1. Among what's in the stretch B:72-96 and is in a strand (DSSP E or B) and hydrophobic (A, V, I, L, M, F, W, C), pick the residue that is farthest from the other protein chains (Cβ to nearest Cβ).
2. Six or more apart or on different chains, Cβ under 9 Å: which pairs go from a residue in the stretch A:146-159 that's assigned to a strand (DSSP E or B) to one that's among the basic types (Lys, Arg)? Could you list them?
3. Pick from B:203, B:221, B:191: which is over 22 Å from residue B:72 (Cα atoms) and touching an Asp or Glu at 6+ places or on another chain (Cβ under 8 Å)?
4. Taking the conditions exactly as written (in the same structural domain as residue B:140 (by TED's automatic domain parsing), surrounded by fewer than 20 Cβ atoms within 10 Å (Cβ to Cβ) and closer than 17 Å to residue B:163 by Cα), does residue B:79 satisfy them or not?
5. Taking the stretch B:129-148, which residues are farther than 14 Å from residue B:46 by Cα and surrounded by fewer than 16 Cβ atoms within 10 Å (Cβ to Cβ)?
6. Just a yes or no: is a residue in the stretch B:225-248 in contact with a Phe, Trp or Tyr (Cβ under 6 Å, 6 or more places away or on another chain), assigned to a loop (DSSP other than H, G, I, E, B) and not acidic (Asp, Glu)?
7. Give me the residue from the stretch A:166-189 that is charged (D, E, K, R) and in contact (Cβ under 8 Å) with a residue 12 or more places away in the chain and, out of that set, nearest to residue B:166 (Cα to Cα).
8. Scan the stretch A:153-170 residue by residue and report those that are under 17 Å from residue A:28 (Cβ atoms), surrounded by 20 or more Cβ atoms within 10 Å (Cβ to Cβ) and in contact with a Lys or Arg (Cβ under 9 Å, 6 or more places away or on another chain).
Number of protein chains: 2
Amino acid sequence: MTAIKKFIYSDYLKNASLTVGVNPVIFSVSENKLKVLLTTFDTRLKKLIPGGVILKNENADDAANRVLKETTGLENIFLKQFHLFSEPDRFSYSTAFEQLNDNSYKPPEDMDIPDRVFTVGYFALVNFNTVHPTRGDMNNTNEWIDISDVPELMFDHNLIIDEALDALRKELFIQPIGYNLLPEKFTMPDLQRIYEIILDRPLTRSNFQRKMLSWGIYERLEERKEGVSHKRPFLYLFNKEKYEKAVKQGANFWF
Amino acid sequence: MTAIKKFIYSDYLKNASLTVGVNPVIFSVSENKLKVLLTTFDTRLKKLIPGGVILKNENADDAANRVLKETTGLENIFLKQFHLFSEPDRFSYSTAFEQLNDNSYKPPEDMDIPDRVFTVGYFALVNFNTVHPTRGDMNNTNEWIDISDVPELMFDHNLIIDEALDALRKELFIQPIGYNLLPEKFTMPDLQRIYEIILDRPLTRSNFQRKMLSWGIYERLEERKEGVSHKRPFLYLFNKEKYEKAVKQGANFWF
């Protein structure tokens with residue numbers, strides 16, 4: 001299958017004039033910077049958020065998890081749907097590809113290009129050290145880009161990243177999700193640093209720790225972090241069991 | 001156009017095997033109860049959340065606002081998208097209608113029924129006294145139902161209502177939206193009562209007022225509410241200008 005055929009392939013496409021896709025915005029933190037994973041099909045084309053269409057037997061989450069696995073090699077990543085992008089003209093095959101004037105980007109004769117593509121925006125959080133972005137199976141390259149260096153992207157993908165970041169910032173205070181960006185054992189200063197990088201502003205240490213510990217789902221270990229100059233802060237674990245129990249009991253993490 | 005043709009009509013349907021719709025869950029409060037607006041096409045059929053497909057020149061918000069206007073007669077209602085419902089088998093024409101064995105529910109010959117319908121869930125908040133649900137233009141009836149009396153609905157509409165309520169509860173603490181359910185002038189006890197009805201639990205008066213007033217967007221009037229026995233609480237207005245200015249300045253209502 002040619003690259004472009006696979007790029008917009010859907011078992012719904014035949015004779016169909018619309019389709020629905022997913023675009024997971026994959027965030028990570030490295031060297032005190034918030035990063036986002038972007039993909040390139042051809043250096044002459046603008047970059048994209050990884051994505052794909054929802055196939056016949058998939059729901060939106062299934063499709064997003066498939067795209068995440070294809071892009072990062074990882075499963076069971078923290079993933080959250082935040083918005084359906086639905087502007088009538090958000091997808092235009094001709095704007096994106098036709099100017100290349102290159103047969104490898106022309107769709108095969110037996111394939112209809114949809115007039116309209118809806119896409120579900122997701123955000124995902126991964127620990128930077130667990131992902132080794134590689135060449136994708138559509139001969140695309142995936143790479144981490146600093147959020148402040150994101151160039152002009154294809155379609156409405158800049159808007160999708162902006163809204164993904166808003167949704168992530170909002171969710172940080174509602175649900176314990178920041179730990180997904182850290183190794184299994186982490187200190188409260190590590191977790192606070194993650195919040196500060198995502199929010200792009202400093203937080204008060206005492207307020208932050210009180211809020212995080214009030215959730216009762218970060219478990220303090222007897223171990224302390226080694227190699228820190230004068231203080232050796234305690235290490236914590238996210239306790240998934242406690243979290244799930246709290247959710248079941250109707251815990252409101254947001255108040 | 002027959003009722004059923006209009007019900008699933010889309011200018012995308014011809015030869016298409018999928019379509020995307022909207023379902024706004026319209027909430028209101030009356031007599032200390034949370035209510036939801038439901039619609040009935042035929043007394044032999046299960047009730048539904050009002051809805052419609054996204055037409056060619058509409059985005060999802062446009063479609064949801066159109067459905068809201070058709071259902072309530074109102075424009076500029078508070079409306080928020082919360083989730084795309086995407087299970088492959090969530091829509092089944094035959095399950096919903098064919099058992100009626102009634103020609104008025106058979107689709108016209110020139111119309112293809114989509115194999116799959118995605119729908120965008122919205123929640124909307126309206127002041128009960130401004131809405132007079134009437135017979136819809138598809139010969140359907142709209143009526144307010146107590147949230148605790150919602151019967152088994154068509155498709156996955158019970159799930160959509162459950163998730164709309166979760167999304168509404170979450171949003172209450174993140175954005176000042178509760179006032180949409182009240183008359184223009186209201187007291188803090190009125191607003192607290194709205195929160196308590198939606199959350200289905202009591203809130204502490206002092207905490208509640210501190211939180212609401214910390215947002216700086218409820219303006220206290222010199223007037224007090226008349227006719228309340230011993231205390232006469234101050235009346236407040238939601239100040240849209242202050243709100244928009246705060247949002248522009250990057251206010252985080254959620255922290």
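1. B:78
2. What qualifies is A:146/A:33; A:146/A:35.
3. B:203
4. yes
5. B:129, B:130, B:132, B:134, B:135, B:137, B:139, B:146, B:148
6. No, that holds for no residue.
7. Here the answer is A:171.
8. A:168
The values are calculated or read from the model by the stated rules, or taken from the named source; none is laboratory data. For clarity, every value in this text was computed on a predicted model and none was experimentally measured. FYI the Cβ positions are ideal-geometry reconstructions off the backbone, even for glycines, and counts take in every protein chain you see.
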